[in-house]
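The values are calculated or read from the model by the stated rules, or taken from the named source; none is laboratory data. Being a predicted model, the structure only gives us computed values, none of them experimental. Counting neighbours? That spans all protein chains shown, and the Cβs are built from the backbone with ideal geometry, glycine included.
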Amino acid sequence: MKIAVIAHTDLPLALLDPKQSGAEECLFACEDPALARRARRRGFTTVTGPLDDLRTYRRLHISRNDQVLVCLESRQDQDRCFRALFEVHPKMAVTALHGPRCVPHPRWEGAVLALPMEKVGAAGLLGVMEKASTRRAVATVRELFKGAERVLLLVQEDPDPDGIASALALRTLLGRNRLSAVIGSFGAVKRPENVSMVRLLDINVQQLRPEQITEFDRVALLDVQPLHSPGIPTDVDLVIDHHPRRSQLKARFRDIRPRYGATSTILTEYLLASDTPISQRLATALLYGIKTDTQLLGRDTTAKDVAAFSSLYPLVNHATLRRIDHPQFPRRDLASLSHALTHAEIVDDILFAYLGPLTREDVIPYIADFCLEVEAVEWSVVSGLYEGKLIISIRYLAGARHAGEVTRAAFEAYGSAGGHRAMSKAVIPLVQIPQDCLAHDSWVRDRFLVALHEGRQTAGEPATG
Ligand SMILES: [Mn+2]
């Protein structure tokens with residue numbers, strides 16, 4: 001993409017730096033040779049010629065995918081320019097930056113986007129002021145941890161990607177390593193995706209007992225506050241979080257932004273504002289933190305989360321990210337998988353598969369996703385045994401029914417059950433399954449078919465066999 005500026009004054013030279021613009025070439029068209037010289041010194045390729053002469057615009061060699069900024073201080077000049085410009089490039093995207101006394105004539109409304117000068121100034125200014133206040137916050141945080149020998153970066157009891165990434169970012173911001181700033185939790189990293197995150201990114205999350213807090217000179221809470229889980233101290237040095245503020249909290253530094261989708265977004269702003277280099281590993285962790293907390297920028301997302309996500313995206317190791325998100329299938333479960341697929345039962349458009357005992361729970365939803373790919377299958381109902389519980393993952397392709405409601409109707413009486421329109425889950429402790437149940441697979445199938453059938457009847461749909 002090229003950017004072409006058409007101007008009479010130096011103003012665009014102050015606003016636009018070709019090196020920072022991201023454009024492959026920045027062009028500058030004007031009538032005054034002295035102005036053209038100044039533009040060349042700034043890194044623009046210049047074209048000098050009358051602004052109502054078609055040849056001037058031909059010499060720009062721009063096409064429809066390029067962008068034009070017109071910055072002329074009278075309507076008369078604008079009209080001369082637009083007439084000639086659109087004669088040469090009829091479909092060009094044109095923005096007219098203008099002062100209060102030279103709003104482009106309404107006849108150009110469809111073709112030219114009018115941008116009042118004061119708007120550009122305000123947007124840029126507010127962004128810079130925000131950066132200034134973030135820089136101050138970073139300086140305060142660094143001051144607070146200066147001289148401390150051992151720092152604890154405490155995350156939630158079931159450490160999640162947002163908490164872990166935020167702790168890693170704070171450690172980087174403080175210029176510390178894994179010995180001088182320990183990432184700690186009162187629980188273990190449990191979810192399979194989170195386990196692969198810390199393994200693939202080589203992040204050590206230490207499991208601690210609450211009384212071990214006294215071993216540290218400073219304590220920081222990330223993505224967590226007191227009372228979220230027992231043992232989280234109420235009197236700490238720093239809290240950075242995006243959950244609503246807890247009144248019990250006492251902290252020497254506090255940055256709580258409940259509107260943000262992720263704590264990782266706040267830390268990304270800290271790193272960017274302080275020009276702290278972001279390694280590929282850190283960027284991958286932070287992006288994954290934002291991604292999981294916002295469900296891929298879907299839920300509870302603000303423009304800030306999107307901005308942080310976009311800044312991190314080019315720095316990320318996408319192969320690693322993919323491996324975190326798609327945990328490798330355990331070899332030990334391969335036999336149960338092949339057995340389940342061979343014995344999968346298809347009733348109408350519903351596929352039932354039973355995996356038996358498993359070493360990891362996430363295999364079940366993974367296979368449920370996979371089974372939905374089978375020809376003519378609209379529902380997949382995949383179950384398996386994990387840690388004394390029967391776990392059922394349901395996937396639904398079409399739109400008329402609600403997977404969560406059917407799942408609730410089928411299994412609510414025995415355990416937890418529910419979900420969304422297209423995916424749902426039930427977790428049933430084995431002790432809750434009725435004594436007369438002979439086999440888990442047929443029990444799941446029968447309960448599910450009854451619920452689906454009953455739902456169809458109440459919905460007034462024709463029941464199918
Ligand atoms: Mn979070």
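The table that follows gives values for the structure above.
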| quantity | calculated |
| --- | --- |
| Single match in S229, S247 (criterion: part of a loop (DSSP other than H, G, I, E, B) and away from the ligand (no atom under 14 Å from the Cβ)) | S247 |
| Filter result for the condition that a residue is hydrophobic (A, V, I, L, M, F, W, C), at pLDDT 95 or above, in a strand (DSSP E or B) and within 15 Å of the ligand (Cβ to nearest atom), over L221, L238 | L221 |
| Selected residue [modelled with pLDDT under 95 and within 30 Å of D446 (Cα to Cα)] from P314, P244, P330 | P330 |
| Residue within region 130-138 that is among the hydroxyl-bearing types (S, T, Y), within 26 Å of D293 (Cβ to Cβ), out of contact with any Pro (no Cβ under 7 Å at 6 or more places or on another chain) and surrounded by 14 or more Cβ atoms within 10 Å (Cβ to Cβ) present | yes |
| Restricting region 42-70 to residues that are of a type outside the set (A, V, I, L, M, F, W, C) and outside any loop (DSSP other than H, G, I, E, B), the residue that is surrounded by the most Cβ atoms within 10 Å (Cβ to Cβ) | Y57 |
| All positions within region 156-189 that are assigned to a loop (DSSP other than H, G, I, E, B) and within 16 Å of the ligand (Cβ to nearest atom) | Q156, E157, D158, P159, D160, G187, V189 |
| Among residues of region 290-304, those that are within 12 Å of the ligand (Cβ to nearest atom), touching a Ser or Thr at 6+ places or on another chain (Cβ under 8 Å) and modelled with pLDDT under 95, counted | 3 |
| Residue in region 51-70 that is among the small types (G, A, S) and farther than 21 Å from P18 by Cβ present | no |
| Strands (runs of 3 or more DSSP E) within region 371-465 that include 2 or more residues among the charged types (D, E, K, R) and free of Cβ contacts under 8 Å to residues at least 60 places away in the same chain | 389-396 |
| Looking only at region 186-229, and only at residues there that are within 19 Å of R246 (Cα to Cα), touching a residue at least 24 places away in the same chain (Cβ under 8 Å) and surrounded by fewer than 19 Cβ atoms within 10 Å (Cβ to Cβ), the one that is nearest to the chain's Cα centre (by Cα) | H228 |
| Single residue of D158, D202, D162 found to be acidic (D, E) and either more than 20 Å from T294 (Cα to Cα) or outside the structural domain of I266 (by TED's automatic domain parsing) (or both) | D202 |
| Selection from region 250-267 of residues that are more than 10 Å from the ligand (Cβ to nearest atom) and either more than 24 Å from S311 (Cβ to Cβ) or assigned to a loop (DSSP other than H, G, I, E, B) (or both) | K250, A251, R252, R254, R257, P258, R259 |
| Criterion: surrounded by 16 or more Cβ atoms within 10 Å (Cβ to Cβ) and of a type in the set (K, R) - qualifying residue of R322, R360, R332 | R360 |
| Per-region count, region 303-348, residues of a type in the set (G, A, S), part of a helix (DSSP H, G or I) and assigned by TED's automatic domain parsing to the domain that holds G384 | 4 |
| Any hit, region 278-289, residues being surrounded by fewer than 16 Cβ atoms within 10 Å (Cβ to Cβ), within 13 Å of the ligand (Cβ to nearest atom) and part of a loop (DSSP other than H, G, I, E, B) | no |
